[in-house]
Amino acid sequence: MRSSLASVSLIGLSYYSTIISAAPFSFNGNPLQNNFPNPNPTQLLAIETQAHGSLPIAPASTAPAAPLHADTITSLQLVAFNELFEVAFFTSLIQNITNNVPGYEIQDGAKKKFLLANLMAIQAQEELHALNANMGLQGNHADPIQPCQYTFPVDNLSDAIGLASKFTDVVLGTLQDVQQGAAVAGDTGLVPAIGSVIGQEGEQNGFFRLFNKKIPSALPFLTRSTRDFAFSALNQNFVVPNSCPNINIIKLKIFQPLAVDASSVMANPTAQSKVSFSFSLPQGGPKAEWKSDYSGLEIVYINQQNAPITAKLESVAIKGNMVTFEALFPFNAATFGNGLTIAALVTAGAPIANADQVAAAAVAGPGLIEIN
Ligand SMILES: *[C@@H]1O[C@H](CO)[C@@H](O)[C@H](O)[C@H]1NC(C)=O
Ligand SMILES: *[C@@H]1O[C@H](CO)[C@@H](O)[C@H](O)[C@H]1NC(C)=O
C-alpha cells in the first residue's frame with residue numbers, strides 16, 4: 001500500500017523543497033474532544049450514543065471471569081493496537097471531508113451529510129472496540145495499549161474508502177485467527193464477542209465496497225489472515241516508526257515488507273495474470289538457502305478458506321538492495337483470486353498447509369491484493 005506512494009513523496013522531497021507533507025495523526029491535543037482513548041464516564045456515554053450502542057454490559061451479579069491465557073492477552077493487545085489505528089484513520093477522514101480538503105470535497109450536500117453520518121457511527125464504534133479490548137487487558141492486569149502516531153498513504157476520498165475496505169478485509173481475516181487462538185487456549189468466553197465484531201466490521205465493509213461501486217459481499221467465505229500478518233501490515237503501512245509508547249509488549253512479528261503491484265491483474269484478471277513484487281535484501285545479503293537464482297524462495301497466496309497455493313519467482317532482478325520479481329496469479333472466477341489475497345514470500349518447500357504455517361515460514365509479507 002505504502003510503497004508506490006512512498007516513492008512519489010521521496011521524489012517530491014528531493015526535487016521540491018517547498019512540498020508540504022501532511023503531519024502524522026496524533027491523539028495528543030485531544031482531536032476527538034472526548035479524551036479518547038481515556039474518556040470519562042460522561043464522555044463514554046456520548047461515544048455510545050454516537051455508536052448507536054454500548055460496550056458489552058455484564059450481568060449484574062456474576063462470578064469473576066477466569067483470567068485469560070497469555071496468548072489471548074496477545075490477541076487483545078493486537079485488537080487494541082489495530083482499533084486505535086482505525087479510530088485515527090476515521091477521525092482523519094471525517095476531518096478531511098468536513099473541512100473540504102482537496103480530494104475530499106463532496107458537492108452534493110445530502111450525499112456529504114449521509115456519508116458523514118455513516119463515518120461518525122463507524123468512528124464511535126471503533127472507539128468502543130478499542131476501549132473494550134483495553135478494558136479486557138486491564139481486567140487481566142495487563143497494560144492497555146497506547147496509541148501511536150499514524151500516516152495514511154492516500155489523499156482522496158475514493159482511495160481512502162478503498163483503503164478502509166482493504167484494512168477491514170485484513171481485520172476480518174485476522175479475527176478468525178483470534179477466535180481460533182482463544183478457543184484453543186480455552187478462553188471460549190471471548191469467542192462470541194469477537195464474532196459480534198466480525199459481523200460488525202463486515203457490515204462496514206459492505207458499505208465501503210458499495211461506495212466504490214463493488215458488490216457489498218466479496219466472497220462466500222472471507223480470506224483467512226493471521227495476527228503476525230495484521231501486525232506487520234499496520235506497522236509497515238501506517239505507524240510512524242518509534243511513535244508507539246508500549247508496542248514492545250506485543251509479542252508478534254513484524255515481517256520485512258513485500259511490496260506488490262497487482263494493477264494489471266486488477267484491471268484484467270486471467271489465468272495467466274502476473275503480479276510484480278519487490279523486497280529489500282536483509283543485512284548480510286541473500287541467504288544461502290535462497291540459492292543464487294532465488295529458487296529457494298516461493299510466493300504463497302492465501303485466498304478465501306482454501307489451502308494456500310504457491311507460485312515460482314520469475315524474472316528475478318537485483319537493483320542495489322532491492323529484489324524485484326514476478327509471479328503467476330492464476331485467477332479463476334470460481335476458485336481463486338476474488339476478494340482479498342494475502343501474498344507472502346516463504347522458504348521454498350516449507351509447510352504451508354494453512355495460514356498459520358504460511359506466517360511461520362514467511363521471509364517477507366504480507367502483500368495485499370484485492371480483486372473485484
Ligand atoms: C486527510 O488528508 C491529508 C491531506 O491530504 C492526507 O495526508 C491524509 O492521508 C487524509 N486522511 C485520510 C484518512 O484519508
Ligand atoms: C486518488 O489518488 C490516486 C493516487 O494518487 C489516483 O490514482 C486516483 O486517480 C485519485 N482518484 C481521484 C478520484 O482523484
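Yes or no, residue by residue, for (1) crowded, with 22+ Cβ neighbours inside 10 Å; (2) within 16 Å of ligand 1 (Cβ to nearest atom):
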site: Leu157; (1), (2): no, yes
site: Ile161; (1), (2): no, yes
site: Gly173; (1), (2): yes, no
site: Gln180; (1), (2): no, no
site: Ala185; (1), (2): no, no
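Residues that are closer than 22 Å to Ile145 by Cα and either in contact with a Cys (Cβ under 7 Å, 6 or more places away or on another chain) or of a type in the set (Asp, Glu) (or both): find the helices (runs of 4 or more DSSP H) completely inside the range 187-267 holding 1 or more of those.
Working: elements: 191-211, 227-237, 263-267.
Answer list for the range 187-267: 191-211, 227-237.
Taking the listed residues Val300, Val316, the one that is more than 25 Å from the chain's Cα centre (by Cα) and either at pLDDT 95 or above or under 21 Å from Ile352 (Cβ atoms) (or both) is Val316, with no other qualifying. Of the candidates Asn268, Asn303, Asn246, the single residue that is within 18 Å of Ala230 (Cα to Cα) and loosely packed, with under 15 Cβ neighbours inside 10 Å is Asn246. Residues of the range 101-157 that are assigned to a loop (DSSP other than H, G, I, E, B), under 23 Å from Asn235 (Cβ atoms) and of a type in the set (Ser, Thr, Tyr): Thr151 alone. So, Ser75, is that one hydroxyl-bearing (Ser, Thr, Tyr), within 17 Å of the chain's Cα centre (by Cα) and either closer than 18 Å to Ser196 by Cα or buried (at least 20 other Cβ atoms within 10 Å of the Cβ) (or both) or not? Yes.
Inspect the range 299-311 for any residue being over 21 Å from Val170 (Cβ atoms) and not in a strand (DSSP E or B) and give the result as yes or no. No, the range 299-311 has no match at all.
Contact annotation: residue pairs with Cβ atoms under 9 Å, 6 or more positions apart or on different chains, pairing a residue in the range 318-335 that is in a loop (DSSP other than H, G, I, E, B) with a partner that is at pLDDT 95 or above and of a type in the set (D, E, K, R), are Phe329/Lys274. If you check Ser92, Ser75 for being touching a residue at least 24 places away in the same chain (Cβ under 8 Å) and in contact with a helix residue (DSSP H, G or I) (Cβ under 8 Å, 6 or more places away or on another chain), only one passes: Ser75. Applying the criterion of being in contact with a helix residue (DSSP H, G or I) (Cβ under 7 Å, 6 or more places away or on another chain) and either among the aliphatic types (A, V, I, L, M) or on the phi > 0 side of the Ramachandran plot (or both) to the residues of the range 216-238, the residue that is surrounded by the most Cβ atoms within 10 Å (Cβ to Cβ) is Ala233.
Within the range 78-129, being under 21 Å from the mean Cα position of the chain (by Cα), of a type in the set (A, V, I, L, M) and within 15 Å of ligand 1 (Cβ to nearest atom) holds for Leu84, Val87, Ala88, Leu93, Ile94, Leu119, Met120, Ile122. Put simply, of Asn30, Asn100 the only residue that is modelled with pLDDT of 85 or more and within 16 Å of ligand 2 (Cβ to nearest atom) is Asn100.
Just one residue in the set Glu105, Glu86 is within 16 Å of ligand 2 (Cβ to nearest atom) and on the phi < 0 side of the Ramachandran plot; that residue is Glu105.
The values are calculated or read from the model by the stated rules, or taken from the named source; none is laboratory data. Bear in mind the structure is a predicted one, so any value in this text is a computation, not a measurement. Because the Cβ atoms are built from the backbone with ideal geometry, glycine has one as well, and the counts that use them run over all protein chains shown.
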